[in-house]
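The values are calculated or read from the model by the stated rules, or taken from the named source; none is laboratory data. Predicted, not measured: the structure shown is a model, and the values here were computed from it. Positions of Cβ are generated from backbone atoms using ideal geometry, with glycine treated the same way; all protein chains shown enter the neighbour counts.
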Amino acid sequence: MYNIKESDWKLYKKLVPIWQERYMEKLNNEYLEILSKEKKASTIFWELEKRINQDKKSLGVIISMSRSTMHQNVYIMLRDNIINFEDIREFSDDFKEIIKLFY
């Protein structure tokens with residue numbers, strides 16, 4: 001599809017774990033809110049279980065590190081509010097232009 005610069009690839013591999021950690025921290029805080037609700041324990045348990053099963057499919061939790069899906073993954077993370085445009089500021093202008101076209 002598009003050529004990926006080596007510098008962008010290295011930066012991506014460096015930043016994805018940071019992005020994921022930040023996103024999972026956000027999720028954990030949301031789980032704490034669920035656990036703090038004034039509901040029956042079983043209701044809270046099943047609500048949390050459903051939410052975790054949904055969230056664990058997110059790119060903010062699990063991602064395939066592949067050059068061929070790099071643009072698509074960054075676009076999805078932007079779309080799903082896992083990252084924002086400030087998070088990709090260090091990437092090359094070419095990379096950012098492609099992402100903006102997707103977006």
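Numerical summary
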| item | result |
| --- | --- |
| Qualifying residues in region 21-72 (those that are touching a residue at least 24 places away in the same chain (Cβ under 8 Å) and polar (S, T, N, Q)) - the one farthest from Lys96 (Cα to Cα) | Ser58 |
| Elements of type helices (runs of 4 or more DSSP H) in the chain, at least 1 residues being of a type in the set (Gly, Ala, Ser), surrounded by 11 or more Cβ atoms within 10 Å (Cβ to Cβ) and at pLDDT 95 or above | 6-35 |
| Qualifying position, being within 13 Å of Leu11 (Cβ to Cβ) and either in contact with a helix residue (DSSP H, G or I) (Cβ under 8 Å, 6 or more places away or on another chain) or touching a residue at least 40 places away in the same chain (Cβ under 8 Å) (or both), among Phe95, Phe85, Phe102 | Phe95 |
